[in-house]
Every structure is written in structure tokens, then in C-alpha cells.
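Engineer: Structure below; questions to follow.
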Amino acid sequence: MKSAQTILSHLQGQPQFRYLKRHECYQKYIRLLSEKYQKAIAFVYVKQNTLYIAVTHPGFKMELNYNKEVLKDILSQFTLMEKNCNMLQADKVVVFHSKYHKLPDHTEESSTVPHYYELAEGKFEICSDDAKLQEKFEAIKTSIKKNL
């Protein structure tokens, strides 16, 4: 039986899946950057010798624009070290804000409804003569006692 790694490496060799290899190289390049830049970058791609970097927030755009040369140098060093990713050659860097990026998935369920402990004890007098109101107040008392 073939392992998953063997099957994936075979699929990457197929001409119709050539973009999988590029995508893997892009992800390796992003992992080379600092954690701050990893969070700032939504995705990257190289087209016509230009490295396009999409950022998740417009505030990161200016900071990455100041560091274009560093990003280009890291890419050139990366292509020298990683022989499988030699197709990532770039002469210039373009940074842009992308509103089309996947948001991080929160695996834990977070409820937006606040849950509080009941502070009332359900001990109060019912001073009404109306039977319907007395019945409602009794229901409130039992509800308070259940929440304790």
C-alpha cells in the first residue's frame, strides 16, 4: 500500500498539478519570514519576474513597502538554497492589500452570550391580590431557584 506522501509526490509531478509545487514554495517562503510578517501576509505569488505580496490589513502595506529589498533578498537566497523552487525569480516587489483572504479559523467554540451566576435568592413577598400576578411571581421564584 502506498503512503500519502508517495501519492502526493506523484500528483505533484503531474502537469495539471504543477501549481501545487509553486504553492508549496510560496508557503515555504512565507514561513522564512518573521512571525509578524507571516501574520501580515495573506498570500504571495510571482508573475512576470515580480513578487506580489497581498497583506491582510492596509496598515501592513507601508511597513512592507519599506522592506521591499529585504523581501527580494530573502526570495533570492531562498531560491538558491531550495532547488525545487528555482522558478521563483523576482526583480521587483509589489505589495497590495487584499480583501480576499481566508480568515483564521477558531477551532474552539466561543459563545457571544454572556453567562452569569444568579445573585438573587428568590425570597420575596408577593403583595398582589391578583391570582395571575401571584402565579407569575411564583414562576419567577422557581426559575430563580433553578438557576442557583
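Engineer: Considering only segment 69-84, how many residues are within 15 Å of residue 27 (Cβ to Cβ) and either touching a strand residue (DSSP E or B) at 6+ places or on another chain (Cβ under 9 Å) or modelled with pLDDT under 90 (or both)?
Structural biologist: Qualifying residue count, segment 69-84: 3.
Engineer: Cβ contacts < 9 Å: first residue surrounded by 15 or more Cβ atoms within 10 Å (Cβ to Cβ), restricted to segment 69-86; second residue polar (S, T, N, Q) and at pLDDT 90 or above, any location; separation 6+ or different chain. Result?
Structural biologist: 85/79
Engineer: Quick one: in segment 127-148, which of the residues that are outside any helix (DSSP H, G or I) and either in contact with a Cys (Cβ under 8 Å, 6 or more places away or on another chain) or of a type in the set (D, E, K, R) (or both) is most open to solvent (accessible area, probe 1.4 Å)?
Structural biologist: Across segment 127-148, the extreme among qualifying residues is 129.
Engineer: Return the residue satisfying two criteria in turn: it lies in segment 43-68 and is closer than 21 Å to residue 88 by Cβ and charged (D, E, K, R), and of such residues it is least open to solvent (accessible area, probe 1.4 Å).
Structural biologist: 68
Engineer: Any chance you could count how many residues in segment 87-97 are under 24 Å from residue 57 (Cα atoms) and surrounded by fewer than 15 Cβ atoms within 10 Å (Cβ to Cβ)?
Structural biologist: Adding up the residues that qualify gives 4.
Engineer: Return the residues of segment 9-42 that are open to solvent by 50 Å² or more (accessible area, probe 1.4 Å) and farther than 19 Å from residue 82 by Cα; say none if nothing qualifies.
Structural biologist: 10, 11, 14, 15, 16, 17, 35, 36, 38, 39
The values are calculated or read from the model by the stated rules, or taken from the named source; none is laboratory data. Just so it is clear, the model here is predicted, and its values are computed rather than measured. Glycine also receives a Cβ, built like all others from the backbone with ideal geometry; neighbour counts cover every protein chain displayed. Calculation scope for accessible area: heavy atoms of the full protein, side chains included, ligands and nucleic acids excluded. Shrake-Rupley method; radii C 1.70, N 1.55, O 1.52, S 1.80 Å.
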